[in-house]
Amino acid sequence: MPEVFGDWAMPDYRRIAAELGRTPESTVFSIEDSDYDSGGWASFIAIRLACRGAEPEIRDGYQVTRYASVVICRIAPLAALMKVVEAGVALDGKGSFSKLPVADDLVSAVPWDTRQRIPEILANYGYQILAPEIGRLRLPDGLGVDTLLTSKDEKDCYIGHHVFDAWFHWMD
């Protein structure tokens with residue numbers, strides 16, 4: 001059952017991930033819900049893509065994978081492409097690390113998507129890709145946007161947030 005917001009129903013992100021994983025250049029590394037294990041709900045799904053054929057690296061007791069994220073907004077037909085970063089899982093299973101998507105990491109294309117299949121797939125599901133230059137624009141000071149990046153105890157906690165934060169880090 002799709003999530004419905006007004007007249008728009010969010011397509012099943014697992015179908016989008018499956019289609020992205022069938023491209024010649026990409027494989028799905030993981031799909032991350034944005035609740036950060038808080039039990040809450042936030043407004044994006046991150047589909048992490050690794051370059052097909054790339055092997056994880058063993059480094060400092062971690063299996064490290066380089067990936068780029070396709071971040072799917074859950075409250076509007078909007079997606080964002082994120083730069084290549086690393087995630088790791090401890091070889092002993094007792095830890096992991098990854099990177100939260102932020103406005104500074106927005107890119108216009110995934111480097112290995114030379115055939116531009118990612119934007120085509122997203123468009124087929126009705127998504128527009130947020131342009132990095134738009135996503136990095138600052139929101140007006142004092143705008144009441146409650147995001148995962150702020151603390152409600154902070155004074156003027158909304159100052160300095162970006163358009164990206166409003167769409168992809170909104171906390172419901």
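The values are calculated or read from the model by the stated rules, or taken from the named source; none is laboratory data. None of the values given here were measured: they were computed from a predicted structure. Heads up, the Cβs are rebuilt from the backbone with ideal geometry, glycines too, and the neighbour counts pull from every protein chain shown.
Structural remarks
- Scanning region 83-103 for residues being closer than 19 Å to Val163 by Cβ and at pLDDT 95 or above gives a total of 1.
- Test: residue in region 59-69 that is crowded, with 17+ Cβ neighbours inside 10 Å, acidic (Asp, Glu) and either over 24 Å from Ile134 (Cα atoms) or modelled with pLDDT under 90 (or both): no
- Where a residue in region 11-31 is over 13 Å from Arg117 (Cα atoms) and its partner, wherever it lies, is hydrophobic (A, V, I, L, M, F, W, C) and assigned to a helix (DSSP H, G or I), with Cβ under 6 Å and at least six apart: Val28/Ala17; Ile31/Ala17
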